[in-house]
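Just below is one structure, and these are the notes that go with it.
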Amino acid sequence: MSSKETKSGVNQDLSDKKLINIKNNSKKVDAAIKKGIQLNEELENEDQIKEFTIKILNTDNQKLMELTSAIRMSRAAMIEYSIEYVYYCINRLKLNLDEIIQKMGGLGGNSNSDSSVLYNLKLDIVTLHKIKKIGMEERVNDCAILGIRLLYQNNCIVRDLEKTSEISQ
């Protein structure tokens, strides 16, 4: 067998392997496209933006004010960011929602209390989908409060410098 024939045979074997890999990857791509189309159709069937009135007790509103001051973000944007943060904690960090709620304290508070602030909030379809995915679509207000508390705890409570330096290493 000549070296040309050997090279040709090897190239043919490599081409066959590449073709198999392309076919396998093609199936994955087709599945991903199908899933994306399905999700897009689901999202199109829902309203694009929904409006909510979020009621935040004064104690949590003070935390919100400090967060907006520290991060230099509007209150409405911070509330939406807080909701996104709850999704992140549950979905990416794999934290349990019930455990988070237990650690952060009761969310409902006294809904008849005069010591609360109302915020009108418009949430886009992506944020609404995330809220639904973590099972809080009927508890948007609680999700916002939970997120505010989590962000405040993780960003505004100053820890001992020794502990902070240990964490950053």
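With each label modelled as a point 7 angstrom along the Cα→C-beta vector, the GLU137-MET73 pair spans 2.5 nm.
Quick one: net charge around ILE131, please, counting Lys, Arg +1 and Asp, Glu -1 for every other residue with C-beta under 9 Å from its C-beta.
On the way: positive: LYS130, LYS132, LYS133, ARG139; negative: GLU137.
Residues near ILE131 contribute +3 overall.
The distance between label points at ASN58 and ILE157 comes to 2.2 nm (points 7 Å beyond Cα on the Cα→Cβ vector). Taking 7 Å steps out from each Cα toward its Cβ at LEU97 and GLU41 produces label points 2.6 nm apart.
Using the per-residue mean of other Cβ atoms lying within 10 Å as a proxy for protection, in what order, highest first, do the peptides 93-104, 76-87, 49-60 fall?
Numbers: 93-104: 12.3, 76-87: 20.7, 49-60: 15.8.
Put in order of decreasing packing, that is 76-87, 49-60, 93-104.
Between amide H atoms placed 1.01 Å from N, distances below 5 Å from LEU107 occur with no residue 5 or more places distant or on a separate chain.
All of the numbers you see were taken from the coordinates with simple rules; none came from a lab. These figures come from a predicted structure and were not determined experimentally. Cβ coordinates were reconstructed from backbone atoms using ideal geometry, including for glycine residues, and neighbour counts include every protein chain displayed.
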